[in-house]
Amino acid sequence: MGIIRASLYQLFLLITVIPYAFVSLLMAPLPLDIRYRVTTGWPRLAVWGARTILGIRWQTKGWENLPDGKAIILSKHQSAWETLFFPSYMPRQVCFVYKRELHKVPFFGWGLALLRMIPIDRAKGRDAFEQVVKIGQQRINEGRWPLLFPEGTRTAPGSTGRYKLGGALLASRTNTPVIPVAHNAGECWRRNAFIKTPGLVTISFGPPIDPAGLTPEELNQRVQTWIETEMRVLNPERYDGPPTTGSVS
């Protein structure tokens, strides 16, 4: 049954992404707000499809912590599911930091390129971060929320990747509060897994962390501590004890 559901879902994504991409391209001359609403209709549809076809339900916790103002979202990264959820349901436009090469991906990348997020050229090394700061500040000034995954890549449930400093540095350089986010989407949608597991995903938003008076390293540590502590609330069976420090870079 899992194989049948997974196959139906993949077919659902395929037959919906192509027309959505063409519609998004037709929206190119229109204002960003309209392009964003139209283009993010597809990830919202994908989340709906995951619920309807795969049985992946979701709920939020701490929604009241989301500010009516500027913010940077730093989130746990376990699956592709959260990359669909954030642009679909957050109260403000989110801007992912991603490799510019994704613009070359047919259909998906074309729509992504129209959303004016934060693409970077990783070949530029250290200069790539200056791109993040420069473009990130512009997006914050526009009232949008940059969104980064500090661990960089998807981690398996119960594991912790090394928290990189990029998001904390961006927050410090732009004097923007950070919203840490924990979630357990990996329990239902594992990395590179074709077959998904029905269940309930909880997305937990932490209180804003003000970067004022903190070094980027201290801010990053606070983000990691909150997220990894909350992960032990969401899925205590995955962990043997409290989160450890020292895995921040």
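The values are calculated or read from the model by the stated rules, or taken from the named source; none is laboratory data. Model, not experiment: these values are computed from the prediction. With ideal geometry, Cβ positions are generated from the backbone for all residues, glycine too; neighbour counts draw on all protein chains shown. All accessible areas refer to the heavy atoms of the entire protein, side chains included, with ligands and DNA or RNA removed. Shrake-Rupley method; radii C 1.70, N 1.55, O 1.52, S 1.80 Å.
Data overview
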| read-out | value |
| --- | --- |
| Test: residue in segment 145-155 that is open to solvent by less than 60 Å² (accessible area, probe 1.4 Å), among the polar types (S, T, N, Q) and under 28 Å from PRO67 (Cα atoms) | yes |
| Search result, residues across segment 122-139 that are farther than 21 Å from VAL94 by Cβ and modelled with pLDDT of 85 or more | GLU130 |
| Selected residue [part of a helix (DSSP H, G or I) and within 15 Å of the chain's Cα centre (by Cα)] from PRO91, PRO43 | PRO43 |
| Count of segment 113-131 residues which are free of Cβ contacts under 8 Å to residues at least 40 places away in the same chain, within 24 Å of THR40 (Cα to Cα) and touching a helix residue (DSSP H, G or I) at 6+ places or on another chain (Cβ under 6 Å) | 5 |
| Segment 46-57, residues that are touching a residue at least 12 places away in the same chain (Cβ under 8 Å) and under 19 Å from the mean Cα position of the chain (by Cα) | ALA46, VAL47, GLY49, ALA50, ILE56, ARG57 |
| Among (1) open to solvent by 20 Å² or more (accessible area, probe 1.4 Å); (2) more than 26 Å from PRO29 (Cβ to Cβ); (3) modelled with pLDDT of 90 or more - the single one LYS99 does not satisfy | (3) |
| Index of the failed condition, THR176 passing every other in (1) β-branched (Val, Ile, Thr); (2) assigned to a loop (DSSP other than H, G, I, E, B); (3) open to solvent by 10 Å² or more (accessible area, probe 1.4 Å) | (3) |
| Flag if ARG173 is farther than 30 Å from GLY49 by Cβ, of a type in the set (Lys, Arg) and either at pLDDT below 95 or touching a helix residue (DSSP H, G or I) at 6+ places or on another chain (Cβ under 9 Å) (or both) | yes |
| Boolean, LEU11 is modelled with pLDDT of 95 or more and either open to solvent by less than 40 Å² (accessible area, probe 1.4 Å) or of a type in the set (A, V, I, L, M, F, W, C) (or both) | yes |
| Residue list for segment 211-246, filter: more than 17 Å from GLY186 (Cα to Cα), in a loop (DSSP other than H, G, I, E, B) and not small (Gly, Ala, Ser) | PRO211, LEU214, THR215, ASP240, PRO242, PRO243, THR244, THR245 |
